[in-house]
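Chemist: Structure in structure tokens, see below.
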Amino acid sequence: MARVVPAVQPQLKLEKSLSEKIVVLLIVIIPFLGTLYAMMMLWNRWVGWLDVSLMLMLYIISGMGITVGFHRMLTHKSFETKPWLKRLLLIAGTLAVEGDAMTWASTHIQHHAHSDGDDDPHSPLQGLWHSHVGWMISHKNNIDVYGSWLKKDPDVVWVSKTWLLWVALGLIIPTLIAGWSGLIWGGLVRIFLTHHVTWSVNSICHTFGSRDYQTRDASRNNFIVGVLAFGEGWHNNHHAFPRSAFHGLRWWQIDFSAYLIRGLEKLGLVWSVVRVKDEDMLRRVIPATAEGMGD
């Protein structure tokens, strides 16, 4: 199966302005500080089940919004769905505070076009820390090169233009439900966890893990990231078959995002779901792991 986008020639790298860099730093640092405060709250037993429940619920919603909405639906067009559900999935992804849908998708398209190369936004060639978080300080996405088609999608444009509203609601709602502790746990801790689990796909899954399929990059499958990131940790599988709606290609490769997509497909809410054919998997498999293939 072909990669999501053809390789393109290196482009002029855009640089973030000072104000943009400050915004990125605040988005990274504030959830971190909130998580440190949450640890103190936990130590002093100032945390209730409502706080933890809010954190888990919003972690699942925002995480699935990234994996199913931003990544598999928008970036890779792994399935089609109704406009209202498309907007809902993109709004859910916006709650993760990882940028608007157009920026996220175009950056990821650039990653696939230059995976682990000089023009990869979060290439591990510049170190693990750079591929995890450092790249966001300097990299400015080039949507005109890597995602001009996104500007023509009215659903994507609307959600992207209103993304600050959804980010605010993602903080206001848990605060209204549980007060200050709701803001800390349902807001900042949840954002911190979602950030670093998502970023671990860029860093950990291009450094540590196993490789089942031949690819032109160093993508790897990592079980722990696979579970925490709702299936995104099966990253070597993904780079081998980028348009596949399912990243877990073996029965034991837990992929919660795939389970959700299958469920929505059975309900008739999504269709044209891209699956990998057995013969395509066999063609790309690394011989030492050829046994034990499964769905």
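Here, each number is a calculation from the coordinates, and none is a lab measurement. Quick caveat: nothing in here was measured; it's all calculated off a predicted structure. Here Cβ is always computed from backbone atoms with ideal geometry, including for glycine, and neighbour counts include all displayed protein chains.
Chemist: Explain nothing, just the number: relative contact order of the range 15-289, from Cα pairs under 8 Å at least 6 residues apart, as a whole percent.
Modeler: 22 percent
Chemist: Still on this structure, I have one more. Residues with amide H under 5 Å of LYS140's amide H, sequence separation 5 or more or different chain, H placed in the peptide plane at 1.01 Å from N; which?
Modeler: Amide H neighbours of LYS140: LEU14, LYS16.
Chemist: A further question follows. Between ILE172 and PHE223, what is the label-point separation in nm under the 7 Å Cα-to-beta-carbon projection?
Modeler: With each label point 7 Å from Cα toward Cβ, the separation is 4.4 nm.
Chemist: Calculate one ³J(HN,Hα) per residue across the range 239-255 by plugging θ = phi - 60° into the Karplus curve 6.51 cos²θ - 1.76 cosθ + 1.60, and present them in order as whole Hz with x for glycine and proline.
Modeler: Values per residue, Gly and Pro as x: 6, 6, 9, x, 8, 5, 6, 10, 8, x, 9, 10, 4, 8, 8, 5, 9 Hz.
Chemist: Only four residue types carry charge here, +1 at the Cβ of Lys and Arg and -1 at the Cβ of Asp and Glu. Report the dipole size of the chain about the Cα centre in Debye, rounded to the nearest 20.
Modeler: The dipole magnitude comes to about 380 debye.
Chemist: Amide H to amide H, which residues 5 or more places from VAL270 or on other chains are under 5 Å from it, using H placed in the peptide plane?
Modeler: Those lying under 5 Å, H to H, from VAL270 are GLU265.
Chemist: May I have the convex hull volume per residue, in Å³, for the Cα set of the chain?
Modeler: So the per-residue hull volume is 139 Å³.
Chemist: If you take the Cα Rg of the range 85-207 and divide it by 2.2 N^0.38 Å, with N the number of residues, what do you get?
Modeler: For the range 85-207, the normalised Cα radius of gyration comes out at 1.15.
Chemist: Using the Cβ atoms and a cut-off under 12 Å, what net charge is assigned to the surroundings of PHE230, where Lys and Arg are +1 and Asp and Glu are -1?
Modeler: -1
Chemist: Rounded to the nearest Å, what's the spacing between the alpha carbon centres of the range 15-88 and the range 237-284? Just the number, please.
Modeler: Centre-to-centre (Cα) distance: 24 Å.
Chemist: Name the chymotrypsin sites (Phe, Trp or Tyr not before Pro) in the range 18-126 that are in a loop by DSSP and that have at most 15 other C-beta atoms within 10 Å, would you?
Modeler: TRP46
Chemist: Against the empirical 2.2 N^0.38 Å scaling, what ratio does the C-alpha Rg of the range 163-295 come to?
Modeler: 1.26
Chemist: Near THR81, within a Cβ-to-Cβ distance under 12 Å, what is the net charge of the other residues, with Lys and Arg +1 and Asp and Glu -1?
Modeler: Within the 12 Å Cβ shell, the charges total +2.
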